[in-house]
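The values are calculated or read from the model by the stated rules, or taken from the named source; none is laboratory data. What you are looking at is a predicted structure, and each value in this text was computed from that prediction instead of being measured. Cβ placement follows ideal geometry from the backbone for every residue including glycine, while neighbour counts extend to all protein chains displayed. Accessible surface areas use protein heavy atoms only, side chains included; no ligands, DNA or RNA. Shrake-Rupley method; radii C 1.70, N 1.55, O 1.52, S 1.80 Å.
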Amino acid sequence: MARILWAGAAAVIAASSAVVWAQQKSSAEGIAEYRAMLADGNPAELFEAKGEALWKTRRGPKSASLEACDLGKGPGVVKGAFVELPRYFADTGRVQDLESRLLTCSETLQGISAAETAATPFGRGEQANMDALVAYISAASGGMKFNLPQGNPEERKMFELGKRAFFYRAGSHGFACASCHGDASKRIRLQDLPDLTKNPGNGIGFAAWPAYRVSSGELWGMQRRLNDCYRQQRFPYPGYGSDVTIALGVYMGVNAKGAESVAPSIKR
Amino acid sequence: MKQQHPLLFAAVALIVSIAGCAAPAPAIDYDAATQQMMKSSFRDQGIATVDRLQQDEADAACSKAQGAPLPEAQRVAIEAANMKTVRMPSDGQFLGDWKVGEQLAQNGRGMTWTDASTATSSNGGNCYNCHQISKAEISYGTIGPSLYQYGKLRGVTDPASPAARPIVEYTWAKLWNAKATNACSDMPRFGHNKLLDEAQLKNLMALLLDPKSPVNQ
Amino acid sequence: MHTRRHALSASAKLALLLLGAGVLPAAAQAQAAGFNQAAFDAKSLADVMKALGASAPAASGDVTVSAPDIAENGAVVPVGASSLLPGVKRLLVLVEKNPSALSAIFEVSEMVDANFSTRVKMGQSSDVYAVAMMNDGRVLYAKKEVKVTLGGCGG
Amino acid sequence: MADPMRIRAQAAGDKVTVRVLMAHEMETGQRKDAAGKLIPAWYIQQVHAKLNGKDVLSAQWGPAVAKNPFLQFMIKGAKAGDKVSVSWVDNRGDTRVDEAVVT
């Protein structure tokens, strides 16, 4: 009986949704206006400038800069690297995203412990430097299209694992990434939710991060974005640079193939 | 256009798959590898412990389906099993205070690793994240259907009347365990997973069904 | 000018007093003199005007406040204040329902337009004011309601 | 020391539009930390701008100005090649001065 009632209810709901449409539209316009007013003068620029200086500064026990770091396009090449990450790196034998690759470079070149940085709370010490570095490196690929390599078997494996992680429902609320990001044209509160199972468009979803978060006044890379997604999903705590975060990066990045990166963007 | 025989394709496919078996790289069991990855990637933090990664039958089946509908028999079995978990209110009263319900519906907190306690009193209903409810709140989500005029549209004028009973019980079951009526529902199982207690659920019931609630104006 | 000097000296005295009481760190002494603490502590629009020695403001079509209808997040709300009238001495930005109403004071010189944009925090939906204090003592305002919404997952 | 500001000064006609981003916490003094202790107020109180060394703007800010503040203003009678400098002082007495050339 419940099922029949529900079907009837659905029909009534469809009728009532037209009534609320006008109001929804004006809210959406208001939000668009707000975002347009913020776009001119994105504080992410402050982080980019800091990141560029950090990239070139000799630091750490080995007193070296990061300029010899190979982000996938050869040592020292920054432009275009971001839109091809995560990818497989032969020297570590791992698929790495931007943050985990920076941990490797920072450790091998500068002697700064990757494990210690990974264990540092977001926004403090070396993690604050990571925020600036990801802003700088992503900005260097601004306007370029995502084109993650899938030639290596490890890259293809991470895509498959990322897909399964994306749909993995668990926790007290039974949420998966897909609960919010598995369909187009849905919102949470007033925020549009990109469908991350495909390319949601230029500068949307995966192509909008790293971003300056207005709510906290901080710059978030994908690691931090995913960390807070999992917090809101009521999951346990994902390790910084853990396989699940990189696999999700591969899944979303491959799906976003052809999308233009606007990172670092500005977000609620 | 030259027509090709489907059997030819089958034969080629067979040869390829045999060759595949002979190759050194064995086929990967992605589902097992996923389980292993989840286990190695997460750790306890505050109240959010790794045992939360364990899936029950519904979560496991819906994860595996990746958004596709479940086979009919499986869907029916999952819904029946979840329906059995629904506990109707112990005192037979279904409705509480819609004003408290509205606050609960607005509240998106609870059960994250930054929350101090798993007690139901520290949890919100998260309702506006996904649903339109009261018309006054313009910041609402659209993951779930609009619940504006929920009771009114269903003809509920007296929630205590026998006529309203089926809707009242259906709504209670939906809040208690949404998978009782929709196996792969995205809605949290508030009663079943001890996210909200009976009194809190009654307040949400009142928000949806009390004729005096702003939802039904 | 007289009222302004008066306000400055009052806040300077207050700063000295607080410094004597050990409330203010020594470093704050230098700039406290040019900062009108009383105006920024004032709760209401009227109290801000009082602290600035200004008369009651009148609504005016010659002052413009720009702000979005809806703010996705109260932590950052873009607000602009401007006027094309000649003789604007100061432009203020106020948020009526903030714990302290005054957000910013801009001194207009002959070298700049009476046109400023910044971003403010808002604790809740509220009227946002642009107030122009004129050289002739008039005080004019424009206001606009900004709805601050709850966003994201809310957790 | 505080991180540098980003200053953009662009000429159009006889006016120069200046956009400034400042790296600052702008802590209100009303928020509590995880332990429930009030986080002390820390915010920019005064901002000054100069064109070729001459004062053009002064402003007073309260803690309600948003974190990592943005400021836009228009200078009259300025042109490409002119120098715009912006400085701020916060309630702790920390200060920062940066300069940009009008383009």
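Quick one: if the Förster radius is 60 Å, what FRET efficiency do residue C:84 and residue D:37 give, using the C-beta to C-beta distance and rounding to 0.05? Working from the Cβ atoms, E equals 0.80. Using 1/(1 + (r/R0)^6) with R0 = 41 angstrom and r between the beta carbons of residue B:28 and residue B:76, what's the FRET efficiency to the nearest 0.05? The computed FRET efficiency comes out at 0.80.
When chains B and C come together, the accessible area they lose, probed at 1.4 Å and totalled over both chains, is close to 600 Å².
Amide hydrogen proximity for residue A:265: with H placed 1.01 Å from N in the peptide plane, the residues at 5 or more positions away or on another chain lying under 5 Å are A:211, A:212. Counting lysine pairs in the range C:37-150 whose alpha carbons fall under 18 angstrom apart, excluding pairs fewer than 8 residues apart on the same chain, gives 12. Comparing D:90, D:14, D:55 in a Gaussian network model of chain D where C-alpha atoms under 10 Å apart are linked, the largest mean-square fluctuation is found at D:14.
Taken per residue, the accessible surface of the protein assembly as shown reaches 43 Å², heavy atoms only and a 1.4 Å probe. Shown are B:47, A:204, A:137, whose ranking by accessible area with a 1.4 Å probe and every protein chain present, most to least, is A:204, B:47, A:137.
Local charge for residue C:77 was computed over the other residues whose Cβ lies under 10 Å away, with Lys and Arg +1 and Asp and Glu -1, and equals +1.
Within chain A, DSSP assigns beta bridges of which about 80% are antiparallel (rounded to the nearest 5). The alpha-carbon of residue B:212 sits under 16 angstrom from the alpha-carbons of these aspartates and glutamates, leaving out residues fewer than 8 places away in its chain: B:97, B:102, B:158. From the Cα gyration tensor of the range A:43-120, with a ≥ b ≥ c the square roots of its eigenvalues, which class applies: rounded if a/c is under 1.5, or else prolate if a/b is larger than b/c, or else oblate? Cα axes put the range A:43-120 in the rounded bin. The orientation-averaged projection of the convex hull spanning the C-alpha atoms of chain A amounts to 15.8 square nanometres. Not counting the cut sites, what is the longest span of chain B without trypsin sites (Lys or Arg not before Pro) that DSSP labels loop and that have at most 16 other Cβ atoms within 10 Å? Formally, the longest exposed-site-free interval is B:3-83. Over all other residues within a Cβ to Cβ distance under 12 Å of residue C:41, the charged ones net out to +1, with Lys and Arg as +1 and Asp and Glu as -1. For the protein assembly as shown, a Kirkwood radius taken over Cα pairs fed into Stokes-Einstein (4 °C, viscosity 1.567 mPa s) yields D = 45 µm²/s. Carbon-plus-sulfur accessible fraction, chain D (probe radius 1.4 Å, protein heavy atoms only): 50%.
What's the whole-number percent of alpha carbon pairs in chain B lying beyond 29 angstrom? Every Cα pair in chain B considered, those over 29 Å come to 42 percent.
Decide, for the range B:99-158, between rounded, prolate and oblate: order the square roots of the alpha carbon gyration tensor eigenvalues as a ≥ b ≥ c, take rounded if a/c falls under 1.5, and otherwise choose prolate if a/b is larger than b/c, else oblate. Judged from the Cα gyration tensor, the range B:99-158 comes out prolate (a/c at least 1.5, a/b above b/c). Beta bridges per DSSP, both residues in the protein assembly as shown: antiparallel share near 95 percent. For residue A:163, the lysines whose Cα comes closer than 22 Å to its Cα, not counting residues fewer than 8 places off in the same chain, are A:145, A:186, A:198, A:257, B:39, B:64.
Only beta bridges with both residues in the range C:37-150 are counted; by DSSP, about 90 percent of them are antiparallel. For residue A:62, a cut-off of 26 angstrom between C-alpha atoms picks up these lysines, skipping any fewer than 8 places away in its own chain: A:50, A:73, A:79.
Working note: Cα atoms of the range C:37-150, range along each principal axis, descending, whole Å: 42, 26, 22. In terms of its C-alpha gyration tensor, chain D comes out prolate, because a/c is 1.5 or above and the ratio a/b outweighs b/c.
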